[in-house]
Amino acid sequence: MLSAKQGKLAVRILIPLLIALISVCVLVNAVPKTAVMRESMESLERSTDTVQRFTGTTMGLAVAITLMPSDYANPLADTLADLGQYCVFVLIALFLERLLVVEGVKAALLYVIPTACGLHILSTLLGNERIRGFSYKIAILGLAIALAVPCSTHLSDALGQDYLAYVDQTIAEASAGTEKANEAAEGSEGETIAERVTNAFSAAVKSADELVQYFKNCVYRCANSVAIMIVTSFVIPLLTFLALEWILNALFQLGLPYPAYRRRHAGGDGGDDGNGGNGGDNGGEGFLGRLVRRVKRPRENAMQ
């Protein structure tokens, strides 16, 4: 029959062991097949498709703008080329999120959580609070990795639905403008290219100046769309990861335990006088007493 202390120790060992076995044998295969993970992958695929369409549209729009006189076209085309660099950044962020969903969740359940459980068992056997705190930190990291992308994708869809519709509208308008400009470039030879493009946009503009303003508005909308995609694809996932880590820490009130600071000579000087315990019990009084004794000792030795 186990004693109460032995039973408590057995429970503290068996619970982490059971969590590790469930994580490796059950959750690692079941979690990726859940509806939440499927919806996250679909959301990431939609976002990737949107960014790719937006990148192609901006490149086509930049080519269309170059049909205008160089004084107007070059600055706008350069701005669109710069926006293409941010699109590459957004694609990298989306690729990393997909990698976390496909491989990160599996790695968290297969390696990170079992490692945290093993360290917790080791800390229980050794009675080491530092190892236990480290195991808690690893477990929090694993849970944050597993939950960050699914939570962030659903949060982005909920908060950025109207803004993502703005991106789709921008892509449609830029695509329409690119098609009109390309058709104008293949028009009759009796007019200049700028006149052809102006005539192609006759329903929206009445002069070359208005056409330039039309393309400027397209560039502004493209810049706003890039900002929206950066927020929904990078900023929100990053903030979600940090928020989850903070919530898990606050929920379990975890932190790496550090050994209490031991005052130097807390009882050493008191031991010389036979009052070592008093020096340790009252830190402020013991310190002042030791300071006074250190000042008096040279005088007492000189008198002797």
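Bear in mind these aren't lab numbers, they're just calculated from the coordinates by the rules spelled out. These numbers were taken from a predicted model, which means no experiment stands behind them. Cβ placement follows ideal geometry from the backbone for every residue including glycine, while neighbour counts extend to all protein chains displayed.
General remarks:
- Amide H partners (placed H, <5 Å) of T66, local residues excluded: none
- Summed residue charge, Cβ within 14 Å of I138's Cβ, Lys/Arg positive, Asp/Glu negative: +2
- Placing a pseudo-label 7 Å from each Cα along the Cα-to-Cβ vector at L17 and L239 gives an inter-label distance of 4.5 nm.
- Kirkwood estimate for segment 11-146, i.e. one over the average of 1/r between Cα atoms, Å: 18.3 Å
- Couplings for segment 90-98, taken from phi via the Karplus curve 6.51 cos²θ - 1.76 cosθ + 1.60 with θ = phi - 60°, read 5, 4, 5, 4, 5, 5, 5, 5, 5 Hz in order; Gly and Pro are left as x.
- Taking 0.36 nm per residue of separation and subtracting the current Cα-Cα distance, fully stretching the chain between V102 and L126 would add 5.0 nm.
- Modelled this way, with points 7 Å down the Cα-to-C-beta line, the labels at A10 and C25 are 1.9 nm from one another.
- For segment 26-32, the Karplus equation 6.51 cos²θ - 1.76 cosθ + 1.60, evaluated at θ = phi - 60°, returns couplings of 10, 5, 5, 9, 8, 4, x Hz by residue, with Gly and Pro reported as x.
- Ordering of 140-151, 161-172 by burial proxy (mean other Cβ atoms within 10 Å per residue, highest first): 140-151, 161-172
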